1. With respect to the numbered conditions (1) open to solvent by 40 Å² or more (accessible area, probe 1.4 Å); (2) not in a helix (DSSP H, G or I), which one is the sole condition not fulfilled by A:M10?
2. Residue by residue through segment B:1-32, note down the ones that are more than 7 Å from every other protein chain (Cβ to nearest Cβ) and open to solvent by less than 70 Å² (accessible area, probe 1.4 Å).
3. Of all the residues that make up segment C:142-171, how many are surrounded by 24 or more Cβ atoms within 10 Å (Cβ to Cβ) and either under 23 Å from the mean Cα position of the chain (by Cα) or away from chain B (no Cβ under 14 Å) (or both)?
4. Hey, which of the helices (runs of 4 or more DSSP H) in segment C:185-287, taking only ones fully inside, have at least 2 residues that are more than 14 Å from every other protein chain (Cβ to nearest Cβ)?
5. Can you find even one residue in segment C:313-329 that is part of a helix (DSSP H, G or I), away from chain B (no Cβ under 14 Å) and closer than 23 Å to C:L133 by Cβ?
6. Being outside any helix (DSSP H, G or I), over 13 Å from C:A135 (Cβ atoms) and open to solvent by less than 40 Å² (accessible area, probe 1.4 Å) is the filter here; which residues of segment C:41-94 pass it?
7. Of the conditions (1) within 7 Å of chain A (Cβ to nearest Cβ); (2) open to solvent by less than 10 Å² (accessible area, probe 1.4 Å); (3) over 21 Å from the mean Cα position of the chain (by Cα), B:G35 fails just one. Which one is it?
8. Kindly check whether there is at least one residue in segment C:98-121 that is farther than 30 Å from C:M10 by Cα, out of contact with any Gly (no Cβ under 9 Å at 6 or more places or on another chain) and surrounded by fewer than 24 Cβ atoms within 10 Å (Cβ to Cβ).
Amino acid sequence: MGFLQSIDWMQILRCFVVGGIICVIGQILIDKTKLTPARILVIYVTAGAILGGLGIYKYLIDFAGAGATVPLTGFGANLAKGAIEEVKTSGLLGAFVGGVKVSAGGIAAAVFFGYIASLLAKPKIKKQ
Amino acid sequence: MKPIETNQEYSDYVNKKSPDSPILKNCLNAFWVGGLICTIGQFIMNFCQYKGMEQTQASTVVSIVLVACAAILTGLNIFNKIGKFAGAGSLIPITGFANSIVSPAIEYKSEGYVMGVGGKMFTVAGPVLVYGISTSVIIGMIAVLFGA
Amino acid sequence: MKKVGTQTVMFDHPPTIVDTASIVGPKESQGPLAKYFDQCLEDEFWGEKTWEKAESKIIKETVNMVMSKSVITGEAIDFCFAGDLLNQCISSSFGLRETNIPFFGVFGACSTFVEGMCLASCLIDGGAATNILCATSSHFCSAEKQFRFPLELGNQRPPTSQWTVTGAGAAMLASSGTGPYITCMTPGKIVDMGIKDSNNMGAAMAPAALQTLITHFKDTGRKPSYYDAIITGDLGHIGKEILIEMAETKGYNIKNNYNDCGVLIFDKESQDTHSGGSGCACVGTTFSGYFFRQLKERKLNKILLMATGALTNATSSQQGESIPGIAHAIAIEN
């Protein structure tokens, strides 16, 4: 019960709305530009990294929390933030190490679970 | 209708004849599914922080949990139905990144575990890592130059 | 045989289509034409481990079926023309490797079936063969895997996209028989009007269909009303409308007797197939299942069968090339 009471419901609402809007922008790109999913994801991660590098994206994270970190722009911003922070402690080496270091969890999880899923699952047709 | 002679005329004509995607409905679905996935992430984040985790760790846990969920749903042949309904709503969150890794891994299992699963896993997600990581390295280098 | 006009060949000894066979996948089995197909499968794998193996099995069994239906088997068959969409036509060559019949692998994308029948008719008319087998196949899952995305990827299909038909069609052509006969053919030219959207194949192929259609009428002096039915392969709903309108601007009204296999094979509303069916098997199964029966039962007596193909591959579309289209037509008459 303590956990539920600790939740800031206004923050949850901000998360929902911002996360939703970021997705809607992607949807408009899909429907209006015929970009493939891979291209949309690349645009998002690059845009996120640039906004993160410029120090803009962190304001969105402060405002919306997971609404800004869960979309792929958040992944990009995290890469950039990691690189910048690592540069502070280890110089040029940090530029190479920092980004992947902070996002290693997500990448390793995707690779690992992807592999496991491929062992267990069989391709199926879309029933649509 | 006038006879069509040039490629440009034909292209304009085809654009007129081709129905547009139902963009309003798609955006609405993308909005609430995307928002919901982020909100689930937020709850996981809050719970981790409530249990005493610091923010960066909590944020990594969010990524891992969402990626795991997306992998399971992809394996169960459910994610593509969500994706069909929600479009960018499930593509843009990290769930879409996970789906783009898991789906070719499953599809290309028939070509073997090394070149099939291992090799094709990144056909869709590879570019994301290439551009994401390269951008972060460039930003890191700029940070070195300006002594951030 | 002799050439008339610019690109039409009239056969002096028109080959007869002895019989046809068709096997379709589960989705086609729920479509409006389900009752006309010889066999409907319950799942896309049909007991095989991969989509590619499943497609090979479908074409193999379809060929076996047409052989037993027409009672022309083994050494009585002089040649075989077959093709499909998978790289280097592996479904056909793997599916037919045990048949022991001289084999021509043909590729005309989704126009392959009629391309094969054109070539077979020439050999028969020229006296080089008595019986020739023509077959083609496609499979939704193997085609998606090769041309688009993994099946489990959560992407949306745009409204202009078409659904690759899972199945195979086969026809047995012979030098003598009771008909229906292939009386003439109009092989198509490659026509490219610069469409690059691989999710709008109907629009990419429609200009090729128009070119073949109009040339056929000019070469033969026939009018659209000569035929009980004019049928295109897989232009889908969008391509069909484009062809009707563009033919009208050239002075040919085909509204009343024209239809498209991609439109007929699925129910657009309930099956969510967007612009309709596509793939080699679209015209292959629809002709073998539905139209051949209509001809046999004399419900239709003269049809113009025009299979359309989009001559593209995954690499060319990634390189931003436009999609060349082609359409081959044959007249089939009682």
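1. Failing condition for A:M10: (2).
2. B:T6, B:Y13, B:P22, B:N29
3. Qualifying residue count, segment C:142-171: 12.
4. Fully inside segment C:185-287 and qualifying: C:201-220, C:261-265, C:280-285.
5. The answer is no; no qualifying residue exists.
6. Of the residues in segment C:41-94, the ones outside any helix (DSSP H, G or I) are C:41-50, C:71-73, C:77-86.
This time we only want the ones that are over 13 Å from C:A135 (Cβ atoms), so: C:41-50, C:71-73, C:78, C:85-86.
Matches in segment C:41-94: C:L41, C:E44, C:F45, C:T50, C:I72, C:L85, C:L86.
7. (3)
8. yes
The values are calculated or read from the model by the stated rules, or taken from the named source; none is laboratory data. These numbers come from a predicted model, not from an experiment. For neighbour counting, all protein chains shown are included, and Cβ atoms are generated from backbone atoms with ideal geometry for every residue, glycine included. What goes into the accessible areas is simple: the full protein's heavy atoms, side chains included, and nothing from ligands, DNA or RNA. Shrake-Rupley method; radii C 1.70, N 1.55, O 1.52, S 1.80 Å.
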